[in-house]
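See below for the structure under consideration.
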Amino acid sequence: MALSEAVSPPRHIAIIMDGNGRWAKNRGLPRTAGHAAGAETFRRIANHCRALGVEYLTVYAFSTENWKRSEEEIAGIMRLLGNYLHEALRDMEKNRVRFRFFGDLTRLSPELQKLCQEAQTASSDYDVQVNFCLNYGGRDEIVRACRRFAREVAEGKRQPEELTEAMLSGYLYSADVPDPELIIRPSGEMRTSNFLLWQSAYSEFVFMNVLWPDFGPADLDAAIAEYHRRNRRFGGV
Ligand code: FPP
């Protein structure tokens with residue numbers, strides 16, 4: 001029986017798309033070739049998520065720390081994102097995907113910012129929402145949320161005592177998105193790397209020994225099966 005028939009998938013899956021560089025190095029290719037293969041994997045996995053009925057897919061495409069990479073590599077990743085968004089805008093109706101962007105987009109090129117804006121506002125009917133984390137850092141997101149709240153306190157619109165966890169969630173990029181039940185990190189690394197720090201408080205993490213460009217629908221099914229084997233207690237017994 002296919003997984004989709006056997007069990008309902010989590011509503012929200014988040015993925016750290018890791019291992020592109022090593023995949024390319026293993027083949028004697030430039031790192032940008034690894035990212036290009038990673039972008040293809042993303043397309044396949046987003047389609048698979050839609051077919052399974054996943055409502056939200058959040059992917060870590062570029063972190064606040066990734067600016068430390070070479071100009072060539074950064075330009076390569078941005079080009080791939082631009083190409084993908086062009087294509088997605090063209091095929092919006094067919095693909096039934098809605099886009100959101102988590103991160104500070106002001107550091108991106110004006111062209112890419114415009115594409116993100118267009119993709120975000122082109123809200124046709126959709127089956128799955130893809131959240132691209134772009135120039136995103138979990139700590140940065142929380143600091144920005146605190147600043148916004150502090151500004152409102154300074155303006156007399158809020159009282160410090162009013163702040164609750166739910167209210168703080170509303171100041172994050174993910175304001176209207178439920179927390180991810182499942183976070184997948186391929187490539188064998190076992191850390192969160194500043195990804196969805198607030199939202200992952202009770203997420204199930206699945207770390208896998210496959211490099212992102214080699215990650216296929218069967219790997220996603222395996223991660224979901226592992227998620228269903230977990231006993232989620234949320235601090236209870
Ligand atoms: C991490 O692997 C990957 C990134 C920092 C970039 C991810 C970007 C893409 C997959 C392309 C974006 C485009 C679309 C359409 C999704 P790494 O480079 O750190 O790998 P390594 O640890 O093996 O060096």
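The values are calculated or read from the model by the stated rules, or taken from the named source; none is laboratory data. Keep in mind it's a predicted model, so treat the numbers as computed, not measured. Cβ sites come from the backbone with ideal geometry, for glycine too, and all protein chains shown count toward neighbours.
Quick one: is VAL54 more than 7 Å from the ligand (Cβ to nearest atom) and of a type in the set (Val, Ile, Thr)? Here the answer is yes, as VAL54 does meet what is asked.
Restricting attention to the stretch 59-73 and to residues that are of a type outside the set (D, E, K, R) and in a helix (DSSP H, G or I), the residue that is farthest from the ligand (Cβ to nearest atom) turns out to be TRP67. Here ARG107 meets each of (1) within 9 Å of the ligand (Cβ to nearest atom); (2) exposed (fewer than 15 other Cβ atoms within 10 Å of the Cβ) with one exception, condition (1).
Kindly establish whether THR41 is of a type in the set (Ser, Thr, Tyr), within 13 Å of the ligand (Cβ to nearest atom) and in a helix (DSSP H, G or I). Judged against the criteria, THR41 is a match.
Selection over the stretch 128-141 of residues that are under 16 Å from ASP176 (Cα atoms) and outside any helix (DSSP H, G or I) gives a count of 6. For the stretch 49-58, which positions are within 19 Å of ASN20 (Cβ to Cβ) and either among the polar types (S, T, N, Q) or surrounded by fewer than 22 Cβ atoms within 10 Å (Cβ to Cβ) (or both)? Answer for the stretch 49-58, where residues must be within 19 Å of ASN20 (Cβ to Cβ) and either among the polar types (S, T, N, Q) or surrounded by fewer than 22 Cβ atoms within 10 Å (Cβ to Cβ) (or both): just THR58. Scanning the stretch 16-33 for residues that are among the aliphatic types (A, V, I, L, M) and near the ligand (Cβ under 10 Å from one of its atoms) gives ILE16, MET17, ALA24.
Those residues that are of a type outside the set (Gly, Ala, Ser), surrounded by 13 or more Cβ atoms within 10 Å (Cβ to Cβ) and outside any loop (DSSP other than H, G, I, E, B), I need them from the stretch 149-180; list them, please. Of everything in the stretch 149-180, those that are of a type outside the set (Gly, Ala, Ser), surrounded by 13 or more Cβ atoms within 10 Å (Cβ to Cβ) and outside any loop (DSSP other than H, G, I, E, B) turn out to be PHE149, GLU152, VAL153, LEU168. With respect to the conditions (1) within 18 Å of the chain's Cα centre (by Cα); (2) within 14 Å of LYS114 (Cα to Cα), ASN66 falls short on a single one, namely (2).
Here is a yes/no grid of residues against (1) modelled with pLDDT of 95 or more; (2) part of a loop (DSSP other than H, G, I, E, B); (3) of a type outside the set (S, T, N, Q); (4) over 16 Å from the mean Cα position of the chain (by Cα):
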| position | (1), (2), (3), (4) |
| --- | --- |
| SER8 | no, yes, no, yes |
| ALA33 | yes, no, yes, yes |
| ILE45 | yes, no, yes, no |
| HIS48 | yes, no, yes, no |
| LEU57 | yes, no, yes, no |
| ALA75 | yes, no, yes, yes |
| MET78 | yes, no, yes, no |
| GLY82 | yes, no, yes, yes |
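A Cβ distance below 8 Å, combined with a sequence gap of six or more or placement on separate chains, defines the contacts here; from the stretch 205-228, residues that are without any contact (Cβ under 8 Å) to a residue 12 or more places away in the chain and on the phi > 0 side of the Ramachandran plot reach no residue that is of a type in the set (S, T, N, Q) and part of a helix (DSSP H, G or I). Answer yes if at least one residue in the stretch 44-62 is free of Cβ contacts under 8 Å to residues at least 40 places away in the same chain and among the hydroxyl-bearing types (Ser, Thr, Tyr), and no otherwise. No, the stretch 44-62 contains no residue that is free of Cβ contacts under 8 Å to residues at least 40 places away in the same chain and among the hydroxyl-bearing types (Ser, Thr, Tyr).
Considering each residue of the stretch 86-103 in turn, none proves to be buried (at least 16 other Cβ atoms within 10 Å of the Cβ) and closer than 15 Å to ASN20 by Cβ.
If the condition is being in contact with a Ser or Thr (Cβ under 7 Å, 6 or more places away or on another chain) and of a type in the set (Asp, Glu), then the stretch 152-183 contributes ASP179, GLU181.
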